[in-house]
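Have a look at the structure below, then the notes.
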Amino acid sequence: MHTQIDINKKYFYKVQIFVSIILLVTGCSVGKLKITGQKHPLISIKEISQEEISVRAIRKALNDGQHNVAQNLLELLNIGKDNVFEAHLYKGILLHRQNRLSEACKEFETCCRLINPSIGDSLKKELYKNIAHTYYNLNNFKKAANYRRSFNKLAGDENDEGFITFLESFKGEPYQIEYPKRNTALNLKLKWGIPFVKGSFNSSETMNILIDTGANINIISSKMADKLGIQTIATGGKGKGVGGMFAFDYGVIDSLRLGNIVIRNIPVTIIDSKKMTFKWFGLIPLVKIDVVIGTPLLKQFDVTFDYKKRKFNLSVPRKKVHSSFDGNFCLVNNLIFIPVEVNEVEGLTFMLDTGGNNFAAITDNGLEELKSQRLKTSKSYTRRGHGVGGTVKYNSIKDVTLQIYDYSIQNVNMSIRKTGLTNPIYDGSINNKLLRNFRLKINFVSMRLALERY
């Protein structure tokens with residue numbers, strides 16, 4: 001694990017489709033999953049001694065994705081003048097990940113009032129980065145831009161000037177929702193093993209849209225943007241996906257109709273259509289994707305993936321915030337992270353990625369956590385992954401047992417992802433081939449995720 005909470009330091013706010021749009025085009029044979037219900041606490045909370053209660057320990061717990069440990073430590077911490085700034089900072093980060101955004105902003109604003117010459121630049125950068133992201137998620141783009149500029153001034157970073165320009169130029173409130181009824185059910189189609197629904201943009205004809213919880217922003221191909229008349233507001237975006245770096249521009253979709261629900265004023269990134277077309281061994285076009293709906297739009301709703309009935313349900317929540325947290329997942333950079341056990345090793349944090357069509361994947365971070373395990377790794381490259389950044393090959397691990405909430409899942413084959421990404425929480429991902437054995441329900445208000453076995 002890394003030792004800092006600097007999530008996506010270089011690519012903060014920039015598209016990170018970590019393992020989205022993964023297509024298994026070559027591979028080894030896979031055994032049948034064995035899924036059993038098994039009540040099991042994922043993380044054992046030990047007695048915490050007084051010596052272990054410190055802002056350094058809280059920082060490490062957040063960095064490792066151990067949010068319940070961070071919560072306990074924050075409740076036990078004795079706050080004094082030497083740690084008051086960090087206590088509010090880390091509480092704000094935890095509240096932000098729990099999607100309690102207004103409460104998080106209060107903690108960060110308290111930090112702003114506590115700034116004095118003794119507060120180092122690294123802590124101030126952490127503050128400005130996180131408060132900017134929180135206001136972004138509160139759809140207050142102007143304030144997000146101001147704090148992001150403060151971060152860039154300290155960091156000497158001008159790489160995301162295009163994103164700041166986009167925030168400053170954005171007109172109105174994003175994600176305005178119109179609905180005659182709060183619920184809508186769409187037909188869910190699995191193409192290449194990943195979920196698509198039909199929707200129409202800017203009153204155009206209906207088209208296929210990828211529903212991808214592994215994308216932290218909404219995406220449209222450059223050709224489709226031209227066809228729909230979506231204008232570029234700002235340029236110069238840079239992101240890192242499965243296969244490497246890619247560039248993008250920023251725009252706004254006027255409207256999207258999904259069933260009887262209309263969403264207006266949708267922020268979107270515009271990516272070269274060539275980057276959205278994936279070829280068999282780099283030669284024969286295999287998959288072409290024009291539109292991706294990511295978590296920023298999905299979290300405006302309660303969502304259900306009913307794979308058996310082939311339905312995707314959206315529901316407009318009646319309550320927007322919870323006063324306390326009783327959730328079982330967290331949001332980091334607008335991506336869903338859940339606690340997972342791998343071969344009885346606790347404390348790993350996996351991203352939920354409906355845009356990946358294999359069972360699961362493990363990253364460099366996750367492999368580090370599993371050093372004590374003698375995991376069987378394939379000798380040759382058996383998987384080929386395609387993402388916005390290009391094509392890469394993967395080794396795989398055989399016959400792993402995962403504990404996800406109340407289910408023990410055996411005979412799982414996992415791809416090994418040498419990501420090189422700077423997200424220390426990202427130990428792996430749970431992908432669509434495994435998820436479609438369940439009805440998947442996500443409530444972003446209560447922050448509860450449910451897997452219901454068919």
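The values are calculated or read from the model by the stated rules, or taken from the named source; none is laboratory data. It should be emphasised that the depicted structure is a prediction, and the values quoted were computed from it without experimental measurement. FYI the Cβ positions are ideal-geometry reconstructions off the backbone, even for glycines, and counts take in every protein chain you see.
Quick notes on this one:
- Residues satisfying the stated conditions in region 129-173, i.e. outside any helix (DSSP H, G or I) and either in the same structural domain as A234 (by TED's automatic domain parsing) or farther than 22 Å from Q98 by Cβ (or both): G156, D157, E158, N159, D160, F170, K171, G172, E173
- Where strands (runs of 3 or more DSSP E) sit wholly within region 214-267, those with at least 2 residues that are of a type in the set (S, T, N, Q) occupy 232-241.
- In region 121-132, the residues that are over 13 Å from N146 (Cβ atoms) reach residues that are small (G, A, S) and assigned to a helix (DSSP H, G or I) with C-beta atoms within less than 6 angstrom, at least six apart or across chains, in these pairs: K125/A155.
- Residue selected from region 363-388 under the condition surrounded by 17 or more Cβ atoms within 10 Å (Cβ to Cβ) and farther than 19 Å from N411 by Cα, by the criterion modelled with the lowest pLDDT: H386
- Filter result for N99 (part of a loop (DSSP other than H, G, I, E, B) and either touching a residue at least 40 places away in the same chain (Cβ under 8 Å) or among the aromatic types (F, W, Y) (or both)): yes
- From the list K171, K142, K106, the one residue that fits, being over 30 Å from N432 (Cβ atoms), touching a Phe, Trp or Tyr at 6+ places or on another chain (Cβ under 9 Å) and basic (K, R), is K142.
- Candidate set from region 296-347 (those that are among the polar types (S, T, N, Q) and within 24 Å of Y407 (Cα to Cα)); member that is modelled with the lowest pLDDT: N343
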